[in-house]
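To keep things clear, I will list the structure first and then write my remarks on it.
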Amino acid sequence: MTKYRTRLLFALITLIIIVLVGLGLLLGQLFKNYYINSFNERLKIEMNLLTSNIEQNGGLTSLDTEEISRMSDLLNARITIVDLEGDIHYDTGELSSTKINRHRDIIGDIVEDTPEEQSDLEVGGGFDLHYYWKPLIHDGEKEGYVFLTTKIDELQKAYRQIWWILTISLGMALMVIILLGTRITNRYTKPIESATNVAIELAKGNYRARTYEDHIDETGMLSSSINILARNLQELMKLKESQQDRLTTLIENMGSGLILIDSRGFINLINKPYKEIFNVEASEYLYKLYYEVIDHEEITQMVEEIFMTEQKVRKQVVLPLEIERRHFEVYGVPIIGTNNVWKGILLVFHDITELKKLEQMRKDFVANVSHELKTPITSIKGFSETLLDGAMHDKATLEAFLEIILKESDRLQVLIQELLDLSKIEQHGFRLTKGTVDLVKEAYEVIEILKRKAAQKDIMLKLSQPSEEAVIEGDPDRLKQVLINLVSNAITYTPNGGSVEITLTDQEDSVSILVKDSGIGIEKSEITRIFERFYRVDKARSRNSGGTGLGLAIVKHIVEAHKGHIEVDSQIGKGTTFTVKLFKKLPQ
């Protein structure tokens, strides 16, 4: 903008100089003409006085030389009187360096040519001489000429003075105009410069830029308008950034994978969940054709269907991802802008693998519960019908059948109770009854409870190397249930003559419970499933022992409710070790 101000000031000054020079030349010429006219008028008056005096004194024949000399001195001019032939009758003397011969020649030439004009100039020796003449009339007849010669250096001095005055005046006027022009230019260009700089900053994206508002004229209105525009742009940009941030946050944290495909089939956007689900990088997908980067044929066919039909499509697909197969509900929708302009396609991938697993678990649970309930109920019904048909009259048969009915009733009661316990534990609002739990004491009580069951199979049940103190914060009844279920399972899956060992290890901020048996062991492929409801390692052995398949599921939930964790280490034919780690102070 400095260049703009300089150009404007230079153009203004140049225009003013041209105007002032033209005005000076015009005024100089006017003053010059005025001075020459005044000079000629003065000479004309002086010449009329001189010729009148000579004519009154008798003309050319009776010249009063003293009077003529006196008038020459008075007029500061050279007076020369000649006849019609150009011969000089009287001359008051040289007025300049022009010699008498040159003076005579000039007068002779003038008389000979008899010009209409009555003035002439002669330049010689650095002097400008002005010749002014008039015919001398006596008795009505022309008898000669009177020449009045003056130096015009006074005229030149006057010219110089005029030019000096004009130069000084116009120079001062120029300086004043330049000063005022500079101030005016600064006043009007400074707001324009500021507004231009702000406009440049706005174009660069700096919407915090502002200009000064120090005038109420048009430039002030311009600055005010620029500031209003900047504030509006800043507000719009803040709103846009806020909306963009919200949209980005929503897209990146929506929990479902998302792909945006433009109208030409190029992928313009993939969100963070999609990259995590399919384990891909953005550079592998962005700005590439969808069928070149999407390997799953079901998805590409779905995109093609949306392109052709321009209708919403919803499908459930199973996609292989690395070593697992995952279930997705894919929702595809065409993006159509204003005036039905085709923009592209949006695909959303909802991972429903867990829902499918839960659905399968629900089906399995219903099937297992039905099966587990059906067996004892069928037994009870069958033996009851047999007794009613007459077998009850045989005392031995009656006692045997009643023992079977009691056994199946107990099994049914245990199943229902464990289902109720599991349901209660899995409820969202389940709370532990917190208290101080001495695990050594609880371990001895469990051994006392299950000692008879272990003796039936000649299994050695012991608490080896107990810690002197293993006190934690927890729910005593639930923790005793954990020990009973683990030890009972160990006895169930340990052959006759085996051993079951409970070990308590007191650590700095936790206590570890190890239940080790010398049983049949668990396959590695089954370890991840043993905590599922109704899952049994050896179904026949478990069912014959009265097991329901819910014990370890209950153990797992109780341990997790205490913020602990359980681990399993097993070898086929050698036995299994369950390790439960619980914190001494229950974490919040």
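Kindly state, to the nearest 0.05, the FRET efficiency for Lys44 paired with Ile165, given R0 = 25 Å and r defined as their beta-carbon distance. In this case the efficiency is close to 0.40. Taking all Cα pairs closer than 8 Å and separated by 6 or more residues, the relative contact order of the range 431-583 comes to 24 percent. Ranking Pro273, Tyr131, Val440 by Cα position along the charge dipole of the chain, where only Lys, Arg, Asp and Glu carry charges on their C-beta atoms, puts Val440 farthest toward the positive end. Classified by the C-alpha gyration tensor, the range 256-428 has a prolate form. Its axis ratio a/c, with a ≥ b ≥ c, is 1.5 or above, and a/b is larger than b/c. Our helix-only sum for the chain, with -39,500 (n - 2.57) per DSSP H run of n ≥ 4 divided by its residues, gives a mean residue ellipticity at 222 nm of -18500 deg cm²/dmol. For the range 235-310, the share of accessible area belonging to carbon and sulfur comes to 49 percent (1.4 Å probe, ligands and nucleic acids excluded). For the chain, the share of alpha carbon pairs falling in successive 10 Å distance bins from zero is 3, 10, 10, 8, 8, 8, 6, 5, 5, 4, 4, 4, 4, 4, 4, 5, 4, 2, 1, 0, 0 percent. For Leu406 and Asp477, the FRET efficiency from 1/(1 + (r/R0)^6), where r spans their Cβ atoms and R0 equals 35 Å, is about 0.85. Mean silhouette area of the range 166-254, derived from the convex hull of its C-alpha atoms and averaged over all directions, reads 7.2 nm².
Only one residue of Asn232, Val471, Ile484 has its Cα farthest out toward the positive end of the dipole of the chain, where Lys and Arg carry +1 and Asp and Glu -1 on Cβ, and that residue is Ile484. Taking 0.36 nm per residue of separation and subtracting the Cα-Cα distance, full extension of the segment from Gln316 to Lys585 would add 92.2 nm. Cross-link reach is defined here as a Cα-Cα straight distance under 19 Å, omitting same-chain residues fewer than 8 places apart; for Lys190 the aspartates and glutamates meeting it are Glu201, Glu213, Asp214, Asp217, Glu218. The distance between label points at Gln243 and Lys157 comes to 8.8 nm (points 7 Å beyond Cα on the Cα→Cβ vector).
Using only side-chain charges placed at the Cβ, +1 for Lys and Arg and -1 for Asp and Glu, the dipole size of the chain relative to its Cα centre rounds to 4680 debye. Please compute the contact order of the chain in relative form: average sequence separation of alpha-carbon pairs under 8 Å and at least six residues apart, divided by the residue count, as a percent. Taking the mean separation of contacting Cα pairs over the length of the chain, I get 7 percent. Over 27 Å apart at the Cα level, from the set Lys238/Lys312; Lys524/Lys563; Lys272/Lys357; Lys453/Lys574, are Lys238/Lys312. Averaging 1/r over every pair of different alpha carbons in the range 431-583 and inverting the result gives a Kirkwood radius of 15.5 Å. Tally Lys and Arg at +1 and Asp and Glu at -1 over the other residues with C-beta under 12 Å from the C-beta of Pro320: what net charge comes out? So the environment of Pro320 carries a net charge of -3. The residues of the chain present an accessible area of 60 Å² per residue when probed at 1.4 Å with all protein chains retained.
Using the beta-carbon distance between Lys288 and Val176 and R0 = 51 Å, what value does 1/(1 + (r/R0)^6) give for FRET efficiency, to the nearest 0.05? Efficiency, rounded to the nearest 0.05: 0.10.
The values are calculated or read from the model by the stated rules, or taken from the named source; none is laboratory data. Here the structure is a predicted model, which means the values were calculated and not measured. Cβ sites come from the backbone with ideal geometry, for glycine too, and all protein chains shown count toward neighbours. We work out accessible area using only protein heavy atoms, side chains counted, and drop any ligands, DNA or RNA first. Shrake-Rupley method; radii C 1.70, N 1.55, O 1.52, S 1.80 Å.
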